[in-house]
């Protein structure tokens, strides 16, 4: 355990950031899972709505540096392709 005041503060700050990042990643994973469930059930209108929600969550995560912006872009691209393949 840290003995220096600034080191103790860093530990607290890191714990807060870790909790926030976990929450954001969890929300993102849940949104992606719901999107994929909609595709599996062949509810394409619902899947399009879920894809928009996933897009919003990916952009939020990228803007808060939870994930890299290129990773968010790649994930969205792949999910969009998946939807297009199943619709056609």
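Every number here is computed from the coordinates shown, using simple stated rules; none is lab data. In this text, all values refer to a predicted model and were calculated from it rather than measured experimentally. When we count neighbours, we look across all protein chains shown, and the Cβ atoms used for this are built from the backbone with ideal geometry, even at glycine.
Given (1) 61, 22, 16; (2) 55, 30, 27; (3) 58, 31, 27, which label gives Cα extents along the principal axes in Å as computed from the coordinates?
Of the listed options (1) 61, 22, 16; (2) 55, 30, 27; (3) 58, 31, 27, (1) comes from this structure.
Please work out the Cα center distance from the range 2-22 to the range 31-88, rounded to the nearest Å.
32
Which angle from 0 to 90°, rounded to the nearest 10, does the C-alpha axis of helix 69-87 make with the longest principal axis of the chain?
20
With angles folded into 0 to 90 degrees, how steeply does helix 5-40 sit against the dominant principal axis of the chain? Use alpha carbons for both and round to 10.
Between helix and principal axis, roughly 10 degrees.
With the crude spin-label approximation of a point 7 Å out along Cα→Cβ, what separation in nm comes out for residue 63 versus residue 17?
The answer from the label model is 2.0 nm.
Per-residue counts of other Cβ atoms within 10 Å, averaged by peptide: what ranking do you get for 31-38, 81-88, highest first?
So the peptides 31-38, 81-88, ranked by packing, come out 31-38, 81-88.
Take residue 48 and residue 82, extend 7 Å from each Cα along the Cα→Cβ direction, and tell me the distance between the two endpoints in nm.
Placing both labels 7 Å beyond Cα along the Cβ direction yields 1.9 nm.
Quick one: angle between helix 44-63 and the longest Cα principal axis of the chain, in degrees between 0 and 90, rounded to 10, please.
The answer is roughly 20 degrees.
How far apart, in nm, are the 7 Å Cα→Cβ label points at residue 24 and residue 56?
1.7
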